[in-house]
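Worksheet: the structure to be examined is printed underneath.
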Amino acid sequence: MRGGGAHPSAEEADRRDRQWRDEVFVDDGRPQLTLRSTLTGVALGGLLALSNLYAGLKTGWSFSVAITACILSYSLWKIAGWVNSRITRPTILEDNCMQSTASAAGYAIVSIMVSAIPAYILVTGVRIHPGWLILWTFFSAALGLMLFIPFKRQLVNDENLVFPSGVAAAETLRGLHGEGEAPLQQARGLFGGMGLGALGSWLGWNNTFSWWTLPRIPETLVPGGGVSGISFASLTVGLDLAGVSIAGGALIGLRISLWMLAGSALTYLILAPWLAAGHTLVGEIGYRLIQNRFALWLGASLMVGASLTDLFFQRRTIGRAFGGLWSVLVRRPSQDGHRQVDEVEIPGSWFLVGAGLCAVGLLISGAMAFAISPLSIAVALILSLIFVVVASRAVGETDIIPVGQLGKLAQLTFGGVAQGRLSTNLLATGLTTTSAASAADLATNLKCGRLLGAHPRRQFQAQFLGVAAGALIVVPAFYVLVPDVSVLGSTRMPAPAAAAWRAIAELLSGGLGALEPAARVGLLVGLIGGIVLATIAELFPRRRFTPSAFGLGLGIVIPFSQSAAFVLGALIALGYRRLSPSRAESHTVAVASGIIAGESLMGVLFGTLGAVGIMPGG
């Protein structure tokens, strides 16, 4: 049931909590946080984290992993039961803790590794010591968990915000633990998609085994010809055959995919040839030249303008988020009949001790690895508290975590606090957005647990274990996929999110005078365009093809071939829905998620084999 966003009285809040404790909470000794739920969550979260890392570096998108982890866990334990009848399936509450662990490992840690960290490497060319980076990412994500504790009751219990993904996860778990054919159909779709993705990766450019003699699928289909004497290949015009891009289009839909293609067409078919003909774009025409000279600034500023405008339109949401802060801080002691609820809720002492330890860890790792000043860390901690509340309420009301929008505000803040310090700008901003993403993920999972009657403390502990596992898995995998800085910003690994972060950091550091004339024009046009498009989207939210500023901006900063692949995937999904609406409803997300996971995991495997010298370069 959707909450209205109003702040209930203390008496009404107590009544709701007692009702939940008496009617929903499961207190029958059923296992929840167990060794197998933790190990399953770590294993599945680690695999899906690798998938999200690969997809994020290649396309700029990352995808929710909680529901995918639930389906995978169901499938694996179902198979185990067939093999050995004495093996029992996890309970629904065990799977709830499992999905918290998997989600924490597969989402929040990945966000900083596809944005702030690669942007820092692009700017400085410095390879960060993996040990320090693991500590930095762990403490950044763990901080978000700790900072959310004081707001849990207000947002999840008292206001009863909807958290759509949390509700969907709860319904998925109920369906998987029920009877019928639907769980098996979802599992077949997911594993079938993983097989397709892995096969496509094996037959494609990832496979560089010297003994492989069969024909390979080309990375991109490129038509002959060109524009204004520049070949289509140089303009990145073609069709990317990577499954991760095609499946990504199936997930995000036709509207955003078409706006991505519009952005790419504007950049590579119109602006780049025009600027080259006017000798504004001089040099060997290619993806990097086009991006560095003007496209990156146009696309990034367009997303910034839209992000800031979105925050303006969400000012009531932000106001409500902080409207309940005072009531949280002065919450009166519970009545005798309410103490049973306090015994299962996450205690405030965890917030005080945990946030303090995270702050110390960030101070030490920030100073040792990145030379970030204590003042910048202090500012980052304050911003993190603000962003945690905003992101958690936003995801509760809209299912959108505004990490990109908040990140732009943080970069502007650190541009003033640490002027000229690009490393501080990027990494301190990464800290704030990672903590916000981690808190919003926790809030969504706690909503799922509340609907199922789970123990909040056990679920928080599961989430914390997932954050630790994610840091230990994702950071080494990043160095496998990005062995040196030359990989970033290429057509193979465009890292569009990192490119946008880098552009803003450099702008704040060097000022407008350091930019090329075309870049300055693009910056202004993009900023105005983002404001206009976001305003149109706010005024006409239900129109089918209302402009997507984010889609348009992302299309400007990724290759044309990738945008074309997104449109192809969206069209395939649309056609499937037209042919078989009932089957498409349950298959599209499962199959597309499987393709992304299968190709991504094969890409990580091949990268690992290359790193240890088993696979030569292609």
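The values are calculated or read from the model by the stated rules, or taken from the named source; none is laboratory data. No experiment lies behind these values; they were computed from the predicted model shown. Reconstructed Cβ throughout: ideal geometry from the backbone, glycine too, with neighbour counts over all protein chains shown.
Tallying residues that are at pLDDT 90 or above and closer than 17 Å to Ile556 by Cβ within the range 239-258 yields 1. If only residues of the range 285-318 that are of a type in the set (Val, Ile, Thr) and either farther than 19 Å from Pro547 by Cα or modelled with pLDDT of 85 or more (or both) are counted, the one that is surrounded by the most Cβ atoms within 10 Å (Cβ to Cβ) is Ile290. Please verify whether the range 466-486 includes one or more residues that are more than 26 Å from Val42 (Cα to Cα) and either in contact with a Ser or Thr (Cβ under 8 Å, 6 or more places away or on another chain) or hydroxyl-bearing (Ser, Thr, Tyr) (or both). There is at least one residue in the range 466-486 that is more than 26 Å from Val42 (Cα to Cα) and either in contact with a Ser or Thr (Cβ under 8 Å, 6 or more places away or on another chain) or hydroxyl-bearing (Ser, Thr, Tyr) (or both).
Among the residues examined, Gly125 does not qualify as modelled with pLDDT under 90, out of contact with any Ser or Thr (no Cβ under 6 Å at 6 or more places or on another chain), surrounded by 24 or more Cβ atoms within 10 Å (Cβ to Cβ) and of a type outside the set (Val, Ile, Thr). Only residues that are farther than 20 Å from Ile256 by Cα, surrounded by fewer than 20 Cβ atoms within 10 Å (Cβ to Cβ) and at pLDDT 70 or above were counted across the range 570-600, and they come to 5. Within the range 97-126, the set of residues being at negative phi, more than 18 Å from the chain's Cα centre (by Cα) and touching a residue at least 12 places away in the same chain (Cβ under 8 Å) comprises Cys97, Met98, Tyr120, Ile121, Leu122, Val123, Thr124.
Just one of (1) over 16 Å from Gln154 (Cα atoms); (2) among the hydrophobic types (A, V, I, L, M, F, W, C); (3) at pLDDT 70 or above; (4) assigned to a loop (DSSP other than H, G, I, E, B) fails for Leu362. It is (4).
Count of the range 345-395 residues, restricted to those that are hydrophobic (A, V, I, L, M, F, W, C) and surrounded by 16 or more Cβ atoms within 10 Å (Cβ to Cβ), is 25. When Thr34 is tested against (1) at pLDDT 85 or above; (2) crowded, with 18+ Cβ neighbours inside 10 Å; (3) farther than 21 Å from Ala443 by Cβ, only condition (2) is not met. For residues in the range 72-93 being touching a residue at least 40 places away in the same chain (Cβ under 8 Å) and crowded, with 24+ Cβ neighbours inside 10 Å, which is nearest to the chain's Cα centre (by Cα)? Restricting to residues being touching a residue at least 40 places away in the same chain (Cβ under 8 Å) and crowded, with 24+ Cβ neighbours inside 10 Å, the top hit is Leu72.
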